[in-house]
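Undergrad: Pasting a structure here, questions to come.
The values are calculated or read from the model by the stated rules, or taken from the named source; none is laboratory data. Here the structure is a predicted model, which means the values were calculated and not measured. Using ideal geometry, Cβ is built from the backbone for each residue, glycine included, and neighbour counts are taken over all protein chains shown.
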Amino acid sequence: MSVELPREIRCVLVPAGSLRLLLPNATVAEVITRPVHEAVAGAPEWLVGRFAWRGWRVPLVSFSTLAGAGEGDAELTVRVAVLKALGGDPRMPFIAVLTQGFPRLTTLNSELIIPTHDGNELPPGVRAQVLVRDDVAVIPDLEGIEAELVRLLAQDQPGEQEVHDLSGADDEPEELDGAA
């Protein structure tokens, strides 16, 4: 039985430091002003912390730090793209990445995405490197990043498996309505 793939897919190019992340548009839940976050004890540098969003404690990732790329202009990193998690772990339905500027919507097909990988090992968190029209972009390994976040956050909270706070005690980020 053959499954027919869509001829075109709506995607977004998300600026993250010196990189552009290529993601399906449906993955992006919301773009918000960078919220106040709490640090995660003993976390690697790329796990910036967690913040409250719609009743969830969402992990905040610096993808450019994870991949070992340049941070770009730190003063422009004032937004966060909240992404729908793909790993299926009910404790973590969302992750977030720091962004510089706004994601750019684009419609792509197989002829418009050209792999550029040179055979060397890909950076951590990167599934593929591609050329999209005139932009060099990376396709992040979201499943791998999510699995590592689940592992790290389980260590951060021994005995506490639930990330979602049902008590309503978490404060909402200040500017949720200031999205994109």
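Undergrad: Give the residues of segment 88-126 that are part of a strand (DSSP E or B) and surrounded by 15 or more Cβ atoms within 10 Å (Cβ to Cβ), sorted by residue number.
TA: Phe94, Ile95, Ala96, Val97, Leu98, Thr99, Thr106, Leu108, Ile113, Val126
Undergrad: When you scan segment 150-158, do you find a residue that is over 23 Å from Trp46 (Cβ atoms) and at pLDDT 80 or above, even just one?
TA: Checked segment 150-158: no residue is over 23 Å from Trp46 (Cβ atoms) and at pLDDT 80 or above.
Undergrad: Residues of segment 22-55 being over 15 Å from Val80 (Cα atoms) and part of a loop (DSSP other than H, G, I, E, B), which ones?
TA: Of everything in segment 22-55, those that are over 15 Å from Val80 (Cα atoms) and part of a loop (DSSP other than H, G, I, E, B) turn out to be Ala39, Val40, Ala41, Gly42, Ala43, Pro44, Glu45, Gly55.
Undergrad: Here are the criteria: (1) buried (at least 18 other Cβ atoms within 10 Å of the Cβ); (2) free of Cβ contacts under 8 Å to residues at least 60 places away in the same chain; (3) not β-branched (Val, Ile, Thr). Tell me which single one Pro59 does not satisfy.
TA: Looking at each condition in turn, Pro59 falls short on (2).
Undergrad: In contact with a helix residue (DSSP H, G or I) (Cβ under 7 Å, 6 or more places away or on another chain), surrounded by 14 or more Cβ atoms within 10 Å (Cβ to Cβ) and touching a residue at least 60 places away in the same chain (Cβ under 8 Å), is that true of Val138?
TA: No, not satisfied.
Undergrad: Among the candidates Asp73, Asp89, which residue alone is under 16 Å from Gly144 (Cα atoms) and either small (Gly, Ala, Ser) or modelled with pLDDT under 90 (or both)?
TA: Checking each option against the conditions leaves just Asp89.
Undergrad: Identify the residue in segment 127-152 that is over 13 Å from the mean Cα position of the chain (by Cα) and assigned to a loop (DSSP other than H, G, I, E, B) and, among all such residues, is farthest from Thr27 (Cα to Cα).
TA: Asp134
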